[in-house]
Amino acid sequence: MDSSGQFHFPRWSNLLLPAIGVLAVTAPIYLITLVGYGASPATINVGYRPEQPVEFSHAIHVGELGMDCRYCHTTVEQAAFAAIPPTATCMSCHTNIHPKSIKLLKVRESYQTGQPIEWVKVHDLPDYAYFDHAAHVNKGVSCLECHGRIDRMEVVHQAEELSMGWCLDCHRDPTPSIRPRGQVTNMEWDPAMATDEEQAEIERIHKSLKSTRQLTDCSTCHR
Amino acid sequence: MTTLTPDNLQDAASANLADDPRRRAPLVTGDQDFASVTETVTHLALRKPPRAWYIAFGISMALLGLLGVLILYLILSGVGVWGNNQPVAWGFPIVNFVFWVGIGHAGTLISAILFLFRQNWRTGINRFAEAMTIFAVVCAGLFPGIHVGRLWLAYWLVPYPNQMAMWPNFRSPLLWDVFAVGTYATVSLLFWYVGMIPDLATLRDRATTKIRKIVYGLLALGWRGSNRHWQRFEKAYLLLAALATPLVLSVHSVVSFDFAVSQVPGWHTTIFPPYFVAGAIFGGFAMVLALAIPARQWFGLKDLITPRHVDNMAKILLGVGLMVTYAYATEVFIAWYGQSPNEQFAFINRAFGQSGWAYWVMVTCNCFIPQLLWFGKLRRNLWLLWGVAVAVNVGMWFERFVIILSLERDFVPSSWGQFMPTWVDMGMLVGSFGLFFTLFLLFCRYLPMVAIAEVKTVMPQAHAGHGDKQYDDVETDESGTADYRIP
């Protein structure tokens, strides 16, 4: 409002025009960066490392001692869910190894009371996404593909995005992620190491897969 | 030939409806000059509105509240509160969507196509017809939004790169709809606003309260009416009119694809796009009339929206009504001529099946009742004309309803069923009128209802001193200045 009682655009409002120009250029960049990087699951979800009730080290058990994944996660070849082992599984060794360790206090306690240890779930898919461990493992998809180098993790963290787009990357072109069934839990395996027999097995599995169209159908994962 | 002086301008009123080919009928009646036109329009926005406004606004707000509550109920309960179910999965929400989008067509037709065709009488009605368009599109946009069920995911309608690696189906007309209606809403809004800038400046200059001065001042974008401003304004307006013109035809064509691209008998026809466009303009003009007749009465706009304006709109309503009737007839004819048993069954079922009553409501309202408008005497009876306009709106709603009801009788008799709307369906239909009228009444209250600057250009005073030489019987008054002449 000026002295005449009329509204006039103040002088500084002339700056709005170049400001709009700057905004028009920078806003898309900002948005693309924000949405494409900032809000992406690669930024938000990868590296999720919750504190667990017991300091269980996969690096020691798998990496150093060379235990197979299926020693503890027994149901992985038969069921959708890869079972979290009962405390009894731990105690099958730890009754004799480090039986007095302070770190294993909670494990012994659980063994005695029968109350399971409340592990925090790291790889948590939304309820509307159906995932079947057995279907993947039996078709030669390694644990590594989704869980990363578990054998090097002191505390387990989420290594991959686990986003829908990430799932689809593989469902659209599954071949590079398939290995012989015998090597599924082998963290060190490399396609270059495949023997002729193994190569034949990979091709056999590949032929047995459903079509890409079926693999990418909505109801394959959303049932 | 008649010459008009300020003294006999009054005579123009009687000439308003006359069709004398030698001269144009006046488009502003009464003893109006530039100042009084400005006063007539601006006092609506700047003074206390008439009591009728408060009553109407109260009712509209109540209905809008109903709509809000029902949407909340829908979100909390899910789409099961509607009557939509197999086989009629598209129930009221789509009927209401097509109905409101159709209403939205008249505004752009009046503002863009009639502008390009130099139909000067559009100036009296274009502003509020455009406003009506925008509010109708708002109502239309609401229904697909809530029909997706999960309202908070409605943005999935828009294609954008996402972590789900998922895109809308580009081959689906439902996605084309998103673009068509989105474009239409944007261009209509822009057109409406740009056209309003000079009038907003008028309101700014006449505003008395501080808030209004600032708000109108901001909206007027510093308009000072300089020659350069006008030159740019006219150019921008012309370009926007040219941009908006194809949209009048494209939007409802795309809406019709929702049906025509499917394989349902009675939907899968090539006549759908032109038939839908004609229906949209029909319904839209009916709504303009239904609003204009009370508005000119309540807001004292009789001199600006003259009997001639109303008469012209009634004629267009009749003309477009005949097109719609022709489209209905063609549909039936092609069903017979095409010899497809499914198509034939669909049309026999429409007229004589379990929901045949809806078909006959549609035919009565859209084909028979508008025939009254052939008679000048009946066109000039405003009560009757208003009744016809309302009937056409009812009929056009039923047209979409009849189309949707085709789903009741699918290819497979085992899936046949009957659509029954629930009270929520009914409430939302009524509530959408609440939304529409609330917006419209707010517009009447706060914005220039008639294009002040444009109306002035079609007044005789705007052409004083122009075009005298072409007549031999030019009369000048004693002072030597040119007389006021009907342009």
Next on the checklist: From the list B:Trp357, B:Trp397, B:Trp374, exactly one residue is at negative phi and under 21 Å from the mean Cα position of the chain (by Cα). Which is it?
Outcome noted: B:Trp397
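Conditions tested, residue by residue: (1) surrounded by 19 or more Cβ atoms within 10 Å (Cβ to Cβ); (2) at pLDDT 90 or above; (3) within 30 Å of B:Gln371 (Cα to Cα).
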residue	(1), (2), (3)
B:Ala201	yes, yes, no
B:Leu219	no, yes, no
B:Phe233	no, yes, no
B:Leu238	no, yes, no
B:Val248	yes, no, yes
B:Val261	no, yes, no
B:Val277	yes, yes, yes
Checklist entry - Restricted to the range B:196-223, and to residues that are in a loop (DSSP other than H, G, I, E, B) and more than 10 Å from chain A (Cβ to nearest Cβ), which residue is nearest to A:Phe9 (Cα to Cα)? => result B:Trp223
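Conditions (1) within 24 Å of A:Met187 (Cα to Cα); (2) among the hydroxyl-bearing types (Ser, Thr, Tyr); (3) outside the structural domain of A:Cys146 (by TED's automatic domain parsing); (4) in a helix (DSSP H, G or I), marked per residue:
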| residue | (1), (2), (3), (4) |
| --- | --- |
| A:Leu23 | no, no, yes, yes |
| A:Leu31 | no, no, yes, yes |
| A:Val46 | yes, no, yes, no |
| A:Thr89 | yes, yes, yes, yes |
| A:Lys106 | no, no, yes, yes |
Item to check | Among the candidates A:Cys221, A:Cys143, residue that is touching a Ser or Thr at 6+ places or on another chain (Cβ under 8 Å), under 24 Å from A:Asn45 (Cα atoms), modelled with pLDDT of 90 or more and surrounded by 12 or more Cβ atoms within 10 Å (Cβ to Cβ) | outcome: A:Cys143
Next on the checklist: Looking at the structure I just gave you, is A:Leu144 within 14 Å of another protein chain (Cβ to nearest Cβ) and under 23 Å from A:Gln52 (Cα atoms)?
Outcome noted: no
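Please determine, by comparing only the residues of the range A:27-58 that are of a type in the set (Phe, Trp, Tyr) and away from every other protein chain (no Cβ under 14 Å), which one is nearest to A:Ser163 (Cα to Cα).
Taking the candidates together, the pick is A:Tyr48.
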Checklist entry - When both residues are 6+ apart or on different chains and their Cβ atoms are under 7 Å apart, which pairs have a first residue that lies in the range A:4-33 and is free of Cβ contacts under 8 Å to residues at least 40 places away in the same chain, and a second that is in a helix (DSSP H, G or I) and surrounded by 11 or more Cβ atoms within 10 Å (Cβ to Cβ)? => result A:Gln6/B:Lys213; A:Phe7/B:Arg204; A:Phe7/B:Lys213; A:Phe7/B:Ile214; A:Phe7/B:Gly217
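Here is a yes/no grid of residues against (1) aromatic (Phe, Trp, Tyr); (2) closer than 23 Å to B:Leu301 by Cα:
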position: B:Pro50; (1), (2): no, yes
position: B:Ala56; (1), (2): no, yes
position: B:Met61; (1), (2): no, no
position: B:Val69; (1), (2): no, no
position: B:Gly80; (1), (2): no, no
position: B:Asn85; (1), (2): no, no
position: B:Phe99; (1), (2): yes, no
position: B:Thr108; (1), (2): no, yes
position: B:Asn120; (1), (2): no, yes
Checklist entry - Inside the range A:166-185, can you point out the residues that are more than 9 Å from chain B (Cβ to nearest Cβ) and touching a Pro at 6+ places or on another chain (Cβ under 9 Å)? => result A:Cys170, A:Pro176, A:Arg179
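Hey, among B:Gly145, B:Gly107, which residue is touching a helix residue (DSSP H, G or I) at 6+ places or on another chain (Cβ under 7 Å), at pLDDT below 90, within 24 Å of B:Trp423 (Cα to Cα) and away from chain A (no Cβ under 14 Å)? Reasoning before the result, please.
Details: B:Gly107 fails: within 24 Å of B:Trp423 (Cα to Cα).
Within the list B:Gly145, B:Gly107, the selection yields B:Gly145.
Out of everything in the range A:1-26 that is of a type in the set (Gly, Ala, Ser) and loosely packed, with under 11 Cβ neighbours inside 10 Å, what residue ends up being nearest to the other protein chains (Cβ to nearest Cβ)?
Filtering the range A:1-26 down to residues of a type in the set (Gly, Ala, Ser) leaves A:3-5, A:13, A:19, A:21, A:24.
From what's left, loosely packed, with under 11 Cβ neighbours inside 10 Å: A:3-5, A:21, A:24.
On the way: A:Ser3: 13, A:Ser4: 11, A:Gly5: 7, A:Gly21: 17, A:Ala24: 16 Å.
Ranking the qualifying residues of the range A:1-26, first place goes to A:Gly5.
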Next on the checklist: Need the failing condition index for B:Val430 against (1) surrounded by fewer than 16 Cβ atoms within 10 Å (Cβ to Cβ); (2) among the hydrophobic types (A, V, I, L, M, F, W, C); (3) over 25 Å from the mean Cα position of the chain (by Cα); (4) closer than 19 Å to B:Gly102 by Cβ, just the number.
Outcome noted: (3)
Next on the checklist: Quick check on this structure: which one of A:Thr216, A:Thr185, A:Thr175 is touching a Leu at 6+ places or on another chain (Cβ under 9 Å), more than 21 Å from A:Ala80 (Cα to Cα) and not aliphatic (A, V, I, L, M)?
Outcome noted: A:Thr175
Checklist outcome for this item: Log entry, pairs with first residue in the range B:362-388 being under 24 Å from B:Phe352 (Cβ atoms), second being acidic (Asp, Glu) and assigned to a helix (DSSP H, G or I), beta carbons closer than 8 Å, six or more apart or on different chains, reads B:Met362/B:Glu399; B:Asn366/B:Glu399
Next on the checklist: Taking the conditions exactly as written (touching a helix residue (DSSP H, G or I) at 6+ places or on another chain (Cβ under 8 Å), part of a helix (DSSP H, G or I), closer than 28 Å to B:Asn312 by Cα and among the small types (Gly, Ala, Ser)), does B:Ala129 satisfy them or not?
Outcome noted: yes
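Which one is nearest to A:Cys93 (Cα to Cα) among residues in the range A:104-118 that are without any contact (Cβ under 8 Å) to a residue 12 or more places away in the chain and polar (S, T, N, Q)? Explain how you work it out, then say what you get.
Restricting attention to the range A:104-118, the residues satisfying the condition of being without any contact (Cβ under 8 Å) to a residue 12 or more places away in the chain are A:105, A:109, A:112-115.
Checking the rest, the ones that are also polar (S, T, N, Q) come to A:112-113, A:115.
Values: A:Gln112: 15, A:Thr113: 18, A:Gln115: 19 Å.
Residue satisfying both the conditions and the ranking: A:Gln112.
Can you find a residue that is closer than 20 Å to A:Asp169 by Cβ and touching a helix residue (DSSP H, G or I) at 6+ places or on another chain (Cβ under 8 Å) anywhere in the range A:79-100? Break it down into steps so the answer makes sense when it comes.
First, pick out the residues of the range A:79-100 that are closer than 20 Å to A:Asp169 by Cβ: none.
The answer is no; no qualifying residue exists.
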Checklist entry - Could you say which residue among B:Ala136, B:Ala242, B:Ala131 is farther than 27 Å from A:Pro28 by Cα, more than 14 Å from every other protein chain (Cβ to nearest Cβ), among the aliphatic types (A, V, I, L, M) and surrounded by fewer than 16 Cβ atoms within 10 Å (Cβ to Cβ)? => result B:Ala242
Item to check | Residue selected from the range B:224-236 under the condition more than 14 Å from chain A (Cβ to nearest Cβ) and charged (D, E, K, R), by the criterion farthest from B:Ala112 (Cα to Cα) | outcome: B:Arg228
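Give B:Pro168, B:Pro161 a once-over and let me know the one that is out of contact with any Pro (no Cβ under 7 Å at 6 or more places or on another chain), within 14 Å of chain A (Cβ to nearest Cβ) and either part of a loop (DSSP other than H, G, I, E, B) or surrounded by 16 or more Cβ atoms within 10 Å (Cβ to Cβ) (or both).
On the way: B:Pro168 fails: out of contact with any Pro (no Cβ under 7 Å at 6 or more places or on another chain).
Going through B:Pro168, B:Pro161 in turn, the sole match is B:Pro161.
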Next on the checklist: Just to verify a result, which residue in the range B:227-263, among those that are part of a helix (DSSP H, G or I) and small (Gly, Ala, Ser), is nearest to B:Phe115 (Cα to Cα)?
Outcome noted: B:Ala241
Checklist entry - Inside the range A:150-165, can you point out the residues that are crowded, with 19+ Cβ neighbours inside 10 Å, more than 14 Å from chain B (Cβ to nearest Cβ) and among the aliphatic types (A, V, I, L, M)? => result A:Ile150, A:Val156, A:Ala159
Checklist entry - Since B:Val361 meets every condition but one in (1) modelled with pLDDT of 95 or more; (2) surrounded by fewer than 18 Cβ atoms within 10 Å (Cβ to Cβ), which condition does it not meet? => result (2)
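Please work out if B:Tyr184 is within 30 Å of A:Phe9 (Cβ to Cβ) and away from chain A (no Cβ under 14 Å). Walk me through it before giving the result.
Numbers: within 30 Å of A:Phe9 (Cβ to Cβ): no; away from chain A (no Cβ under 14 Å): yes.
Here the answer is no, as B:Tyr184 does not meet what is asked.
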Checklist entry - Looking at (1) surrounded by fewer than 18 Cβ atoms within 10 Å (Cβ to Cβ); (2) within 30 Å of A:Asp217 (Cα to Cα), which is the only condition B:Ala180 fails? => result (1)
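The values are calculated or read from the model by the stated rules, or taken from the named source; none is laboratory data. Just so we're clear, the structure is a prediction, and the values are computed from it rather than from any experiment. Cβ sites come from the backbone with ideal geometry, for glycine too, and all protein chains shown count toward neighbours.
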